[in-house]
Amino acid sequence: MSSAPSPAALPDPRVCERARLSRDARFDGLFFTAVRSTGIYCRPVCPAPAPRPENVDYYRSAAAAESAGFRPCLRCRPELAPGDGAWRRGDETVARALKLIDQGFLAESTLADLAARVHLGERQLRRLFVERLGAAPIGVHGTRRLLFAKQLLTETTLPVTEVALAAGFSSLRRFNATFLDAYRMAPRELRRRTPAEPAVRDASQPLVLKLGYRPPYEFGAMLDFLRGRALPGVETVDTRSYARVVGTPQSPGWLRVSAWPGSRGGRIHALKLELHGAAPTQLAGIVARVRRMFDLDADPRAIAAALSADPQLQPLLKKHPGLRLPSGWDGFEIAVRAIIGQQVSVAAARTLTTRVAQRHGRPVAIAGPDGLDRLFPEPVALATGDLEGLGLTGARAATVRAVAVALLEGRVDFRAEQTLDEFTDSWSALPGIGPWTAHYLALRALGHPDAFPAEDLVLQRALTGDGSRLGARQLRQHAEAWRPWRGYAVIHLWRDAMAAAHVPVEKKR
């Protein structure tokens, strides 16, 4: 049984109208404004003069607006709108299908394949998409890659051929024709309309992209969480940014994520992604990972509305309204961290995991921040790798190897279309992996909004107020009212406990 309700429909037209006229950034990406007199669709935050109400239609998604024949605005740039997290999170069928589309599934597979992956018929899946998003899956896929291409054309100096590859087109001719048909201008014409850029791309300079989010967003809290767990050599976190090695040993690169200049003043709601050494075909996947890792598509209004009914969560939500789920870059990396961290502090887990990464991670040579010099080990390296002398118990080392083997054999995975129950059941079947670890993986590897490690000792003590503990069953019963956002309640309670104790949290049993 799904733990997440069906996503909300288009907001009431009166709400849309107020949000449009006030340019309310909290609604950015939750609907789009189409102007019949111009044939253009915009974000609610568009700075252009507001059109007359009788000329305006509202659409649930950019794909719906484009399916109706509207073109994206060049001023507010719909490609910068955060995704509607209600459509892309949790276990609802459309959400699971959208996760696959966001990963580029339809670039190489058919609609029938997509429907089969989410256990529906092709016709039924198409009907659900049209009913809830206003566009068929193919339309959503097409809009997604064209808007990504538009962002690359506008913000970077990548050659048009590389933009086509990054957006999932195997043919430049096909890309040019599709772009011209959808936007009534050729890709090169769009580039000529953007602010002047260097005529020749400097390969030594990073590729810089703007990643939008809905406010409020506590980027500092995200960095705090990641900094206490950062693995030297693999990643580095300071008070302003997160950086890590990405790519492969044959083609390594690195990235940095920081606040976009001006975002702290409330004028811009975006993070800055700097990419060094990434191949064009890797760009869409990297952007999708960063958006998931930093939880950029969350809707704080919807989350607060669901959780603030609990008197113990309400003050936490008021104190930190922009707290997000801090996901991880790679599922296997998070799994190794979680296994090693069982029964020990966050600091101890970081030390032990760093030793594993230093021994088995692949060294790389990159011109990045000091100390970034290796990729985290792949499953094949740890399936039979030497874990002796690193401080791991025999049981922990055996579990790490067992998980690596299970991933290589396909008995567990991090597929986006899994439900929470499917994911936790398959992982809990492995020796050494209990419910706490399985839900922790769902929270940090998948960014699942309803993951809930009820066996966590901090959570069990957080709700009593007197130092006593609730049992896991009692805690789950209490948390039923938090669905489908239990994961956000976990992050708020963990942060509150850490602030109260001034020590790392997540002590497990």
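The values are calculated or read from the model by the stated rules, or taken from the named source; none is laboratory data. Keep in mind it's a predicted model, so treat the numbers as computed, not measured. Positions of Cβ are backbone-derived with ideal geometry, glycine not excepted, and every protein chain shown enters the neighbour counts. These area figures cover heavy atoms from the full protein model, side chains too; ligands, DNA and RNA do not enter into them. Shrake-Rupley method; radii C 1.70, N 1.55, O 1.52, S 1.80 Å.
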Exercise for the section: Please state which one of Val400, Val380 is open to solvent by less than 50 Å² (accessible area, probe 1.4 Å), in a helix (DSSP H, G or I) and of a type in the set (Val, Ile, Thr). Expected result: Val400
Completion exercise
Of those in segment 231-271 that are small (Gly, Ala, Ser) and either touching a Pro at 6+ places or on another chain (Cβ under 8 Å) or in a loop (DSSP other than H, G, I, E, B) (or both), the residue farthest from Arg26 (Cα to Cα) is Ser251
Practice task
Sort through Arg359, Arg355, Arg301 and tell me the only one that's surrounded by fewer than 18 Cβ atoms within 10 Å (Cβ to Cβ), farther than 30 Å from Leu275 by Cα and of a type in the set (D, E, K, R).
Solution key: Arg301
Completion exercise
Apart from one, (1) touching a residue at least 40 places away in the same chain (Cβ under 8 Å); (2) outside any loop (DSSP other than H, G, I, E, B) all hold for Gly432; the odd one out is (2)
Practice task
Sort out which residues of segment 470-491 are in a helix (DSSP H, G or I), farther than 13 Å from Asp456 by Cβ and touching a Leu at 6+ places or on another chain (Cβ under 7 Å), and write them in order of number.
Solution key: His478, Trp482, Tyr488
Problem - Criterion (in contact (Cβ under 8 Å) with a residue 12 or more places away in the chain, part of a helix (DSSP H, G or I) and more than 15 Å from Thr281 (Cα to Cα)) met by exactly one of Arg132, Arg174 - result: Arg132
Fill in the blank from the handout: When segment 21-32 is checked residue by residue, the ones that are more than 20 Å from Gly85 (Cβ to Cβ) and surrounded by 14 or more Cβ atoms within 10 Å (Cβ to Cβ) are Arg23
Fill in the blank from the handout: Residue set Ala95, Ala116; condition within 15 Å of Glu417 (Cβ to Cβ), hydrophobic (A, V, I, L, M, F, W, C) and open to solvent by 50 Å² or more (accessible area, probe 1.4 Å); output residue Ala116
Problem - Test for Ala284: is it under 24 Å from Arg144 (Cβ atoms) and under 21 Å from the mean Cα position of the chain (by Cα) - result: yes
Exercise for the section: Find all pairs meeting these conditions: Cβ atoms under 6 angstrom apart; at least six residues apart or on different chains; first residue within segment 148-159 and under 13 Å from Cys76 (Cα atoms); second residue in a loop (DSSP other than H, G, I, E, B) and not basic (Lys, Arg). Expected result: Thr154/Thr194
Handout entry: Hey, Ser251 at pLDDT below 90 and open to solvent by less than 50 Å² (accessible area, probe 1.4 Å) or not
Key = no
Exercise for the section: Please go through segment 40-90 and pick out each residue that is assigned to a helix (DSSP H, G or I) and of a type in the set (A, V, I, L, M, F, W, C). Expected result: Ala62, Ala63, Ala64, Ala65, Leu80, Ala86, Trp87
Problem - So Asp330, is it among the acidic types (Asp, Glu), closer than 30 Å to Leu147 by Cβ and buried (at least 20 other Cβ atoms within 10 Å of the Cβ) - result: no
Handout entry: Members of segment 383-397 found to be assigned to a loop (DSSP other than H, G, I, E, B), in contact with a Leu (Cβ under 7 Å, 6 or more places away or on another chain) and of a type in the set (A, V, I, L, M, F, W, C), listed by number
Key = Leu390, Leu392
Problem - Flag if Trp436 is aromatic (Phe, Trp, Tyr) and either in contact with a Lys or Arg (Cβ under 8 Å, 6 or more places away or on another chain) or at pLDDT below 95 (or both) - result: yes
Handout entry: Residues of segment 458-484 satisfying the condition of being touching a residue at least 24 places away in the same chain (Cβ under 8 Å), within 21 Å of Trp427 (Cα to Cα) and open to solvent by 20 Å² or more (accessible area, probe 1.4 Å)
Key = Arg476
